[in-house]
Amino acid sequence: MTQNKSFCDNVVAIVKQIPKGRVTSYGAIAAALGMPRSARMVGYILNNGLFKGGEFIPAHRIVNRNGYLTGKHAFPGEQMMQELLENEGVIISDNRVVEFKKLFWNPASL
DNA sequence: ATACTGACTAGAA
DNA sequence: CTTCTAGCCAGTA
């Protein structure tokens, strides 16, 4: 019971390991957990666990497969996600991560 | 208990 | 090239 027993905790654990200035996709995290088909759960559960555990999760580093900030609405301000990414050196253009393929971080690369 | 929703992805037309 | 459909699993009503 003291360990992770929910998919949520697993997702949070991976997200918290994302290096600064990097981004990843939902499917990549899901695949790292052994569920390459549950990409939807990653985003949905992150929204639910953004502040879960009393800690903030850098969910702004997670974007969809196209590099678009689909999850910006989960933040206090929809503009906040973009500012957070730009604050880490990630350039955003039209709600999309510039050079997303170059900044992509593979969670399974650990 | 079932039904519906959702920060997605990949494949098909 | 664009657009749509189906699959996926957990959480909430």
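How many Å³ per residue does the convex hull of the Cα positions in segment A:1-56 occupy? Before the final figure, lay out the partial values.
On the way: hull volume 4.6 nm³, N = 56.
So the per-residue hull volume is 82 Å³.
As a test of the formula, what do you get for chain A when each DSSP H run with n ≥ 4 contributes -39,500 (n - 2.57) and the sum is divided by the residue count, at 222 nm and rounded to the nearest 500 deg cm²/dmol? Could you put the intermediate results ahead of the total?
On the way: 5 runs with 38 residues, N = 110.
Value at 222 nm, helices only: -9000 deg cm²/dmol.
Using a/c under 1.5 as the rounded threshold, could you call segment A:55-110 rounded, prolate or oblate? The axes a ≥ b ≥ c are square roots of the C-alpha gyration tensor eigenvalues, and prolate needs a/b larger than b/c, oblate otherwise. Intermediate values should be presented prior to the final figure.
Values: a/c = 1.66, a/b = 1.22, b/c = 1.36.
In terms of gyration-tensor shape, oblate.
So, in nm, how far is label residue A:9 from label residue A:80 when the simple model puts each one 7 Å beyond its Cα toward the Cβ?
Spacing of the two 7 Å Cα→Cβ label points: 2.6 nm.
Tell me which lysines have Cα within less than 23 Å of residue A:72's Cα, excluding those fewer than 8 residues away on the same chain?
A:16, A:20, A:52, A:101, A:102
By count of other Cβ within 10 Å, fewest leading, how are A:6, A:38 ordered? Could you put the intermediate results ahead of the total?
On the way: A:6 10, A:38 18.
Ranking A:6, A:38 by Cβ neighbours within 10 Å, fewest first, gives A:6, A:38.
Taking the simple approach of a point 7 Å from Cα along Cα-to-Cβ for both residue A:99 and residue A:70, what is their distance in nm?
About 2.5 nm, to one decimal.
For segment A:7-100, I need the span (max minus min coordinate) of the C-alpha atoms along each principal axis, in Å, sorted largest to smallest.
Computed over the Cα atoms, the extents are 31, 27, 22 Å.
Rule-based calculations on the coordinates, nothing more; no lab input. Source: prediction; values computed, not measured. Every residue, glycine among them, receives a Cβ derived from its backbone with ideal geometry; neighbour counts consider all protein chains shown.
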